[in-house]
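The values are calculated or read from the model by the stated rules, or taken from the named source; none is laboratory data. Everything numeric in this text was worked out from a predicted model, so none of it was measured. Cβ placement follows ideal geometry from the backbone for every residue including glycine, while neighbour counts extend to all protein chains displayed. In case anyone asks, the SASA skips ligands and DNA or RNA and just uses the protein heavy atoms, side chains included. Shrake-Rupley method; radii C 1.70, N 1.55, O 1.52, S 1.80 Å.
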Amino acid sequence: QVSSYGEGSAGQESKPRGIKSMSGYATYYDRASCIKEQPHYQAITASGEPLNDTAMTCALPHHAFGKQYRVCREDTPSRCVVVRHNDYGPGKGPRSRGVVIDLSAGAFATLAPLRVGKLAVTVEVVP
């Protein structure tokens with residue numbers, strides 16, 4: 001029923017509690033990009049799992065770890081991937097405007113070549 005979420009009033013990010021689906025952009029992250037942004041980065045996700053570039057995982061800001069989500073391209077709805085939430089994200093800043101989910105590099109590559117970088121998607125909870 002909910003189509004998207006993003007910044008609420010006064011620049012505060014709204015929390016997507018009870019959301020069944022949302023639309024926006026997906027980006028990806030991998031070990032190399034994390035180390036580039038944070039030189040002393042330890043490749044451990046917020047859930048305590050090692051960062052695995054090929055795993056079908058995602059980062060979301062306000063959801064419980066372990067939940068699964070179906071991420072589909074908006075321009076090709078039949079092209080989807082199911083991912084498991086194991087990290088917090090996407091990061092804040094100008095590059096993240098409109099981004100609702102960060103995918104592992106492996107999950108993103110299932111939807112589009114990594115060089116695309118940012119992709120319009122619909123995200124829904126897998127019951």
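A few comments on the model shown:
- Among the numbered conditions (1) touching a strand residue (DSSP E or B) at 6+ places or on another chain (Cβ under 7 Å); (2) open to solvent by 30 Å² or more (accessible area, probe 1.4 Å); (3) modelled with pLDDT under 90; (4) under 14 Å from Lys20 (Cα atoms), the only one that His62 does not meet is (1).
- In the stretch 104-118, the qualifying residues are those that are outside any helix (DSSP H, G or I) and either among the hydroxyl-bearing types (Ser, Thr, Tyr) or modelled with pLDDT under 95 (or both), and the one that is least open to solvent (accessible area, probe 1.4 Å) is Ser104.
- Against the list (1) at pLDDT below 75; (2) in a loop (DSSP other than H, G, I, E, B); (3) in contact with a Phe, Trp or Tyr (Cβ under 7 Å, 6 or more places away or on another chain); (4) surrounded by fewer than 16 Cβ atoms within 10 Å (Cβ to Cβ), the condition Arg17 fails is (3).
- Restricting the stretch 88-98 to residues that are open to solvent by 20 Å² or more (accessible area, probe 1.4 Å) and under 12 Å from the mean Cα position of the chain (by Cα), the residue that is nearest to Pro50 (Cα to Cα): Tyr88
- Search result, residues across the stretch 68-87 that are closer than 20 Å to Leu51 by Cα and either assigned to a loop (DSSP other than H, G, I, E, B) or in contact with a Leu (Cβ under 7 Å, 6 or more places away or on another chain) (or both): Val71, Val81, Val83, His85
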